Structure formats: structure tokens, C-alpha cells
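Structure record follows, encoded as C-alpha cells.
The values are calculated or read from the model by the stated rules, or taken from the named source; none is laboratory data. Remember, predicted model here, so these are calculated numbers, not experimental data. Cβ: placed from backbone, ideal geometry, glycine included. Neighbour counts: every protein chain shown. We work out accessible area using only protein heavy atoms, side chains counted, and drop any ligands, DNA or RNA first. Shrake-Rupley method; radii C 1.70, N 1.55, O 1.52, S 1.80 Å.
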Amino acid sequence: MKDNHFVYVEVPYNKEIAYTLYASGLTIDVPKLAEDNSTVTFKYPKKTIFVLFYEFNTPHRLKTRRAYVLTCQKDKSSKEEVALPGVSDKVQIIYQARGHKVDSLKRCLHILSQNEKYLIYKMPVLFWYKICAMIEYYDGKRMDFVRLYNLYRPKNYKELSIYDN
């Protein structure tokens with residue numbers, strides 16, 4: 001039974017469809033494999049941020065990559081809600097990455113989740129808008145990501161260093 005406080009993301013598993021999906025965020029339960037082994041379901045709280053990485057198969061064996069930073073939080077600057085493949089509810093897109101920006105977003109998530117794996121997904125939406133702007137417009141650098149993380153992190157969490165791997 002689905003709960004209104006959560007968003008469910010169904011990742012294709014052993015299934016021939018037009019896309020593959022990787023989901024990253026603050027998962028609540030252990031991901032569940034469907035009875036027919038076709039999907040793995042991840043459960044995310046609606047009040048957090050989560051990131052989806054899609055790879056779409058296109059004609060002529062080309063692959064199109066997209067990444068989305070998503071939320072279900074409503075605020076004054078809320079945009080229109082959209083439906084994405086594999087997502088149970090409509091979501092708000094904070095950022096959409098294409099091409100090499102997808103790799104920049106992956107690198108950013110790796111850098112910022114070194115000390116506390118899930119803390120970045122609890123950060124305010126404004127933090128994510130700033131991170132995504134760094135990626136999109138300034139080709140975000142490690143030092144910029146770490147500085148912003150340290151500015152927004154709760155004071156009881158360890159600071160990140162620009163020299164950490």
C-alpha cells in the first residue's frame with residue numbers, strides 16, 4: 001500500500017524498456033524487488049530532495065542521458081509539477097542536467113556525500129538551487145561545492161575539507 005508522505009521510484013530491473021534509471025536520495029526502506037522481478041522500488045520522503053539519472057535508448061544505438069534534481073515540497077517559487085517515468089507522483093524539477101553536466105552533478109554528489117551520505121538530501125531547496133546554478137553556469141569546482149556545503153550544513157556535522165577525496 002502506497003503512503004501519501006512518500007514518493008516511490010520504480011527502477012527497471014531485468015526488463016527491456018526504453019530507459020535505464022539510477023536513483024539517489026534519502027531512502028526510507030530497503031529497496032523492494034517486485035514479485036515479477038521487473039522493477040526495484042525505492043521509497044523517498046516527500047520533504048527531501050532526490051536525484052534521478054536516466055539513460056534513454058534512441059534509434060541508431062545512441063544513448064541520451066538526463067539527470068533531474070527533484071522535490072515534492074511546495075513553496076512560493078514552486079514551478080509546475082511534472083510526471084517522470086518510474087516516479088509515482090508528480091514532482092517539481094529543481095534542475096535538469098544534460099550531457100557533461102550529468103557527470104558534473106554525479107561528481108558533486110560524490111564530493112558532498114563523503115562524510116554524511118544522506119545529509120545533502122535534507123538540505124534546504126535554496127542550497128540545491130545554488131549547487132545546480134554552480135554546475136550549470138560556472139562549471140562547479142570542488143572548492144565551490146565544499147564552501148557552499150559548509151555554509152548550509154547543520155553545525156553539529158563535520159566540515160568538509162577541499163582536500164578530502
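Before rounding to the nearest 500, sum -39500 (n - 2.57) across all DSSP H runs of length at least 4 in the chain and divide by the residue total; then give [θ] at 222 nm in deg cm²/dmol.
About -7500 deg cm²/dmol.
Pop out the ³J(HN,Hα) list for region 88-96 in order, Karplus 6.51 cos²θ - 1.76 cosθ + 1.60 with θ = phi - 60°, rounded to Hz; leave Gly and Pro as x.
Listing the rounded values in order: 6, 10, 6, 10, 9, 8, 7, 7, 10 Hz.
Could I get the Rg over Rh figure for the chain? Both from C-alpha atoms, Rh via Kirkwood, rounded to two places.
Rounded to two decimals, Rg/Rh equals 0.97.
What is the set of long-range amide H partners of residue 140 at a cut-off below 5 Å, with H atoms built 1.01 Å from backbone N?
Under 5 Å from the amide H of residue 140: 135.
For 147, 153, give the ranking by accessible area with the largest first, probe 1.4 Å.
Of 147, 153, the descending order of accessible area is 147, 153.
Taking DSSP loops as anything outside H, G, I, E and B, show the longest stretch in the chain free of GluC sites (Glu not before Pro) there with at most 16 other beta carbons within 10 Å.
After excluding every exposed loop site, the longest remaining stretch is 36-79.
For region 45-165, what is the accessible area per residue in Å², given a 1.4 Å probe and the full set of protein chains?
With the other protein chains kept in place, region 45-165 gives 58 Å² per residue.
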